[in-house]
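To keep things clear, I will list the structure first and then write my remarks on it.
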Amino acid sequence: MKPMRWPWRRTAAGDDPLPSGDPARITAGTRAVAVTGIGCVTAFGLGRDSLDDALAAGRVAAAPVTRFDPARFACRIAAEVPEPSLRFARDHLSHELERMSLFVRLAVHASMAALGADPAVTGRPRLPEGRGLIAMGVAMGGLPHIEQGVLKQERSGPRKTTPFLIPSLIPNMAASMTALRLGFEGPQVTLAGACASGTQAIGHALAELRAGRIDWALAGGSEAVTTPITWSGFEAMHALSRGGAGDGAAGGEGPAARPFDGARDGMICGEAAAMLLLHRADTCEGRTVLGRILGYATNSGAPDLTRIPDREGLACMRLALRDAAVDSHDLGAVLAQASGMITGDAIEAAAIAELTGSHRPPVTSIKGATGYVFAANGPVSTVAALGALSRRRLPPVAGFRAPSEDTACIDVVAGAPRDIDPGRPVLVNSFGFGGINASLVVTR
């Protein structure tokens, strides 16, 4: 019997052939893994619904900074997580957890929520059966505690340094405290790939699941670096927006960051964590499947240390599509890295335009709404992508009014959510300093 011959077409890169036809059939044979739980904490509140509702309404989380006095800085706003909402049931780790940096508490809260537990009432939720993994992306870790510790030592001397200083700031503590809180004894990894960290953590979990070394994983990222040294560093780079503050839906001055917009002048910093519970397809029977991760790629290279990549970012997107066995013309949407940076947004827009050609899928970025959340960028955007597929509507870019000449090459979602085909996959981008690029392909 002769083997069946499929119709073929080549990718935009002109490399491996891909089966043509309906996108649902294209994804059926891929090595996808199932998303069976989502935990999310952003400046909009707890849970994925708070994020999805805010994005659909075009709300903006930027507000005056409260964690320090920003009077000496040009940028005086941030998208801060309301800390009183982060309540945890009392247990033997409560004393330590309360003294950890905020990025640790955000990660623990999101991880427990992804497992279906209420952190405020559940001490130790039941873990899935089989071999598990915790993969966490963290870029800058406990930077606020580092700054506070240095200042306190200089003012009061080394004897006044808290013994919790070191444990509170090391990047792996988000994964470690999560494991301790859950009573998890399997492997944990922390990836520090700048703003691609959380996406790389999801990609690492995807590879382990595909290889059959684990049955489930908690994967995502966490970041909270609202502190003067962050503002000093990014203002020295001319990276922070000088725009207005406030919730655009509540009569404020409007968003400070406007990804892809002609008036964009920089980013706003935010705080967030997002964790996905992932299962192999053959181990998630009886579980609700919230979406699937179809493909992933990461690569290196950029014009210099801090610029968004050009050809390298385009190559990363193509590799992710190839890994997912999805043609660029089958994409239903793109969740971009775009943060409101003048050069970075233009470079990414050009790369997306070249990737998709005449297809021109709708493109959005959530950074104008949530703020730029560093290691959590990719995981939060992935949650937003899955929410858009579930609701069949892609959220608009907050504050977007009109493109600049160098971003008019893509179809930016503006003003109101855009109806999308839930049968088509979505591309999610994350790019970090040092030329670290990562992309995911997700579907309903």
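The values are calculated or read from the model by the stated rules, or taken from the named source; none is laboratory data. None of the values given here were measured: they were computed from a predicted structure. Counting neighbours? That spans all protein chains shown, and the Cβs are built from the backbone with ideal geometry, glycine included. These area figures cover heavy atoms from the full protein model, side chains too; ligands, DNA and RNA do not enter into them. Shrake-Rupley method; radii C 1.70, N 1.55, O 1.52, S 1.80 Å.
Assorted remarks:
- Test: residue in the stretch 49-59 that is of a type in the set (Ser, Thr, Tyr), modelled with pLDDT of 95 or more and closer than 16 Å to ALA369 by Cα: yes
- PRO259 being in a loop (DSSP other than H, G, I, E, B), modelled with pLDDT of 95 or more and either at negative phi or open to solvent by 10 Å² or more (accessible area, probe 1.4 Å) (or both): yes
- Every residue from the stretch 409-444 that is aliphatic (A, V, I, L, M), assigned to a loop (DSSP other than H, G, I, E, B) and open to solvent by 10 Å² or more (accessible area, probe 1.4 Å): ILE410, ALA414, ALA416, ILE420
- The stretch 120-134 residues that are loosely packed, with under 13 Cβ neighbours inside 10 Å, paired with ones that are in a loop (DSSP other than H, G, I, E, B) (beta carbon under 6 Å, 6 or more apart): VAL121/ALA89; GLY130/ASP215
- Single residue of the stretch 211-227 satisfying the filter (among the aliphatic types (A, V, I, L, M) and over 19 Å from GLY432 (Cα atoms)) that is most open to solvent (accessible area, probe 1.4 Å): ALA211
- Screening ALA62, ALA79 for residues that are touching a Pro at 6+ places or on another chain (Cβ under 8 Å) and open to solvent by less than 10 Å² (accessible area, probe 1.4 Å) leaves exactly one candidate, ALA62.
- Flag if GLY157 is open to solvent by less than 10 Å² (accessible area, probe 1.4 Å), without any contact (Cβ under 8 Å) to a residue 60 or more places away in the chain and not aliphatic (A, V, I, L, M): no
- Here LEU97 passes the criteria (1) open to solvent by less than 10 Å² (accessible area, probe 1.4 Å); (2) not in a helix (DSSP H, G or I) except the one numbered (2).
- Failed condition for GLY357, given (1) over 30 Å from TRP231 (Cβ atoms); (2) at pLDDT 95 or above: (2)
- Some residue of the stretch 187-195 being surrounded by fewer than 23 Cβ atoms within 10 Å (Cβ to Cβ) and more than 23 Å from the chain's Cα centre (by Cα): no
- Qualifying residue in the stretch 125-133 (condition: within 17 Å of the chain's Cα centre (by Cα), small (Gly, Ala, Ser) and at pLDDT 95 or above): no
- Helices (runs of 4 or more DSSP H) within the stretch 268-387 that include 1 or more residues open to solvent by 10 Å² or more (accessible area, probe 1.4 Å): 311-324, 342-356
- Candidates GLY221, GLY266, GLY251, GLY243 - the one that is touching an Asp or Glu at 6+ places or on another chain (Cβ under 8 Å), of a type outside the set (A, V, I, L, M, F, W, C) and either farther than 17 Å from PRO144 by Cβ or modelled with pLDDT of 95 or more (or both): GLY243
- Qualifying positions in the stretch 30-86 - of a type in the set (Ser, Thr, Tyr), part of a helix (DSSP H, G or I) and within 16 Å of the chain's Cα centre (by Cα): SER50
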